[in-house]
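Working notes for the structure below.
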Amino acid sequence: MKIIWSARAAASFSASIDYISKDSSIAAQKWAERVFKKIEGLLEFPKIGKIQNSEMKGLRQLIIEKDYLAVYRYTQDKCIIVAFRNTKKNNW
């Protein structure tokens, strides 16, 4: 299995890193490493995320840290990160 980030999810993740970097580039790097470690856990346990509502078939959400989550779907050979989001922001 491999992890694939959608362009939308990758852009949101990158924007989050840029925002954190304004205060501390070291903190941003450590945060990014924690995010990648959590996402890589999906390779072994793809069902760990909470199933989203029934209208969004196949989508799950994984809480990364208290204010961040990843929305993903998986197949036998890949896990696609569809969205990466800061839950404090209202934009989706």
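Per-structure values
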quantity: Segment Met1-Glu40, length gained on full extension (0.36 nm per residue, minus Cα span); calculated: 13.0 nm
quantity: Within-9-Å neighbourhood charge of Ile3 [Cβ basis; K, R +1; D, E -1]; calculated: +1
quantity: Sum of side-chain charges, Leu43 neighbourhood, beta-carbon under 15 Å (Lys, Arg +1; Asp, Glu -1); calculated: +4
quantity: Loop trypsin sites (Lys or Arg not before Pro), the chain (other Cβ atoms within 10 Å of the site Cβ: 12 or fewer; DSSP); calculated: Lys22, Lys47, Lys57, Lys66, Lys88, Lys89
quantity: Distance violations [Cα-Cα > 22 Å] among Lys57/Lys88; Lys2/Lys88; Lys22/Lys89; Lys30/Lys57; Lys2/Lys22; Lys47/Lys78; calculated: Lys57/Lys88; Lys2/Lys88; Lys30/Lys57; Lys2/Lys22
quantity: Candidates Ile48, Ile63, Ile39: whichever shows maximal mean-square fluctuation once the chain is modelled as a Gaussian network with Cα springs under 10 Å; calculated: Ile48
quantity: Over segment 29-79, relative contact order from alpha-carbon pairs under 8 Å, at least 6 apart, %; calculated: 26
quantity: Sum of side-chain charges, Asp67 neighbourhood, beta-carbon under 12 Å (Lys, Arg +1; Asp, Glu -1); calculated: +3
quantity: Beta bridges per DSSP with both ends in the chain, % antiparallel, nearest 5; calculated: 80
quantity: Cα-centred dipole magnitude for the chain, charges only on beta-carbon of K, R (+1) and D, E (-1), debye, nearest 20; calculated: 200
quantity: Two-decimal ratio, segment 19-75, of alpha-carbon radius of gyration to 2.2 N^0.38 Å; calculated: 1.31
quantity: Residues Phe13, Phe36, sorted so that the one with the fewest Cβ neighbours within 10 Å comes first; calculated: Phe36, Phe13
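A short reminder: the numbers here are calculations on the coordinates, not readings from a lab. Every value quoted in this text rests on a predicted model; they were computed, and no experiment measured them. In this analysis, Cβ positions are derived from the backbone assuming ideal geometry, glycine residues included, and neighbour counts consider all displayed protein chains.
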